[in-house]
């Protein structure tokens, strides 16, 4: 009888311990799915083969090696980046769906009325990844060689510049330039950089504003001539192209930045894992590889992403309002 009673007490103790453990934070941590448990989808909200892919794919490859799972680039283009971005904002917050974005996060809310996401509330920033610069390029026989000649030519006839589209960084840089200098030119929006570059080479437009990686090969081949870089320093990819200030224009200190984000609500431990892997991914080897492609590695704390988005929202809101840019 005593053995039966003793056995019953032991069972009650074991059951009690089990219940306590089940309610403990430790058991809840065990219940969380191991991360990463499957391939990670890194959404790039623009078409494949463009400038975005040039930086996103090498980074994704290295990040996947460090996380032990493939990081698959998922191109979800549409609405100036809004479609893919909105998809990630509503994805499960488990870290297996990430967003590779750039400064459109800070421009789209001002220029696109259909923007449904909040770049500051709907995402958890991971890190900056890299940056590049916007270049002004023309066909080789274009008559103007410096800013003074550009301004003089614009007074004789209307000048035009093409960009990858309304509301993109090159477009907004062009609009900003028109507010701080005497150079006035007509914006011609295209659906991507390639058709704008082709028309600049063919003489259908006078100038093309595009990121350095998008025009570097055409400049190297002599099919385009780089007039100026919009930045405080020359591009490492195009060291022969001066800054706008060097050719007599105003100083336009601007860079196109790229960053990694997760949906808001991803567990802190998962974010910590992704952030640690990102820091390791952006090493000297990847930096050298991206430099050859026209990008500077830009690893950072997550707060730097938030700061860049907030700063961009304020900067471009005024430019957009003055230029009356609106996309439905």
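The values are calculated or read from the model by the stated rules, or taken from the named source; none is laboratory data. Please read all numbers here as calculations on a predicted model, not as lab measurements. Cβ coordinates were reconstructed from backbone atoms using ideal geometry, including for glycine residues, and neighbour counts include every protein chain displayed.
Before moving on, here are some points about what is shown:
- Answer residue from the stretch 65-77, given it is surrounded by fewer than 20 Cβ atoms within 10 Å (Cβ to Cβ) and over 15 Å from the mean Cα position of the chain (by Cα) and is farthest from residue 266 (Cα to Cα) among those: 65
- Test: residue in the stretch 97-116 that is modelled with pLDDT of 95 or more, in contact with a helix residue (DSSP H, G or I) (Cβ under 9 Å, 6 or more places away or on another chain) and surrounded by fewer than 23 Cβ atoms within 10 Å (Cβ to Cβ): yes
- Residues (surrounded by fewer than 17 Cβ atoms within 10 Å (Cβ to Cβ), farther than 24 Å from residue 210 by Cα and in contact with a helix residue (DSSP H, G or I) (Cβ under 9 Å, 6 or more places away or on another chain)) located in the stretch 32-60: 32, 39
Per-residue answers, yes or no, for (1) in the same structural domain as residue 55 (by TED's automatic domain parsing); (2) farther than 20 Å from residue 51 by Cα; (3) over 22 Å from the mean Cα position of the chain (by Cα); (4) buried (at least 16 other Cβ atoms within 10 Å of the Cβ):
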| site | (1), (2), (3), (4) |
| --- | --- |
| 221 | no, no, yes, no |
| 230 | no, no, no, yes |
| 235 | no, no, no, yes |
| 252 | no, yes, no, yes |
| 268 | yes, yes, yes, no |
| 292 | yes, no, no, no |
| 295 | yes, no, no, yes |
| 304 | yes, yes, no, yes |
| 311 | yes, yes, no, no |
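- Inside the stretch 176-194, residues that are at pLDDT below 90 and within 23 Å of residue 295 (Cβ to Cβ) make up a count of 4.
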